[in-house]
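Engineer: Just dropping this structure here.
Computed from the coordinates by the stated procedures, all read-outs in this text should not be read as laboratory data. Not measured: the values here are computed from a predicted model.
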Amino acid sequence: MYDADRGPWDEGPRGLGLVLDDERGSLPYELLHGEALVACAAWALGESGVDLVDASVTWGGLVDSGEDVVLHDALCPMTPPAFIADCLAQARATGDVVVGARPVTDTVKVVSDDRVGATLDRDDLVAITSPLVLPAAVVAGLDRQPTTDLARAVADLAAAGHRVRLVPAPSEGRRVSSVEDVRLLDALTSPQALSR
């Protein structure tokens, strides 16, 4: 759990967390407020009360721990620690896989046979962000770590019959996909912007 005045505090196991930076090119190492995105993401996990584990820990080791697992995308570096803690609490309370999601603001078209077709209704779409929380019971039933593409991981988990709960992520928890997105997030989360 997370207390805004005191920071993280425990009500039992803290959960184990991995920062996902594989298959993301060099973007996780761009600077945001003077720190690499991957460092910002690791800080958020630690501040949420989750124990960060090294990427060298095997999936079998995570399963054997008997703990919940939090997967945090390095490209969602400013996800607030309180939001991560809340997602973990929801996963524990419900037994559901819990994932952050943001509304889709871009126009999305159907493409078939190299032809652009109908426009999809944005109200029916979400953009998957961080974190992806796997309750210990779900972790125990997986023979391998979910893919590091969180949207695909959510689809795979749902297809395997796991209940997935989408939790509206705050705007600072958005996923960046370019250096320009990093600059925008930097401006949106500067101390001056947050004090307004």
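Engineer: Sequence-distant or interchain residues sharing an amide H contact under 5 Å with Val50, placed H: which?
Structural biologist: HN-HN under 5 Å from Val50: empty list.
Engineer: Expected output is a single nm value to one decimal: the length gained when fully extending between Arg144 and Asp64, i.e. 0.36 nm times separation in residues minus the C-alpha distance. What is it? If you can, show how the numbers build up before the last one.
Structural biologist: Details: separation 80, 0.36 × 80 = 28.80 nm, distance 1.24 nm.
Fully extending the segment from Arg144 to Asp64 adds 27.6 nm.
Engineer: Another one. Can you tell me the length gained on complete extension of the stretch Ala160 to Ala137, counting 0.36 nm per residue apart and subtracting the Cα distance? Before the final figure, lay out each step's value.
Structural biologist: On the way: separation 23, 0.36 × 23 = 8.28 nm, distance 1.39 nm.
Stretched fully, the Ala160-Ala137 segment lengthens by 6.9 nm.
Engineer: A follow-up question, please. Pull up all non-local amide H partners of Arg163: gap of 5 or more, or a different chain, and H-to-H distance under 5 Å with H placed in the peptide plane.
Structural biologist: The list, which skips near neighbours in sequence, is Val97.
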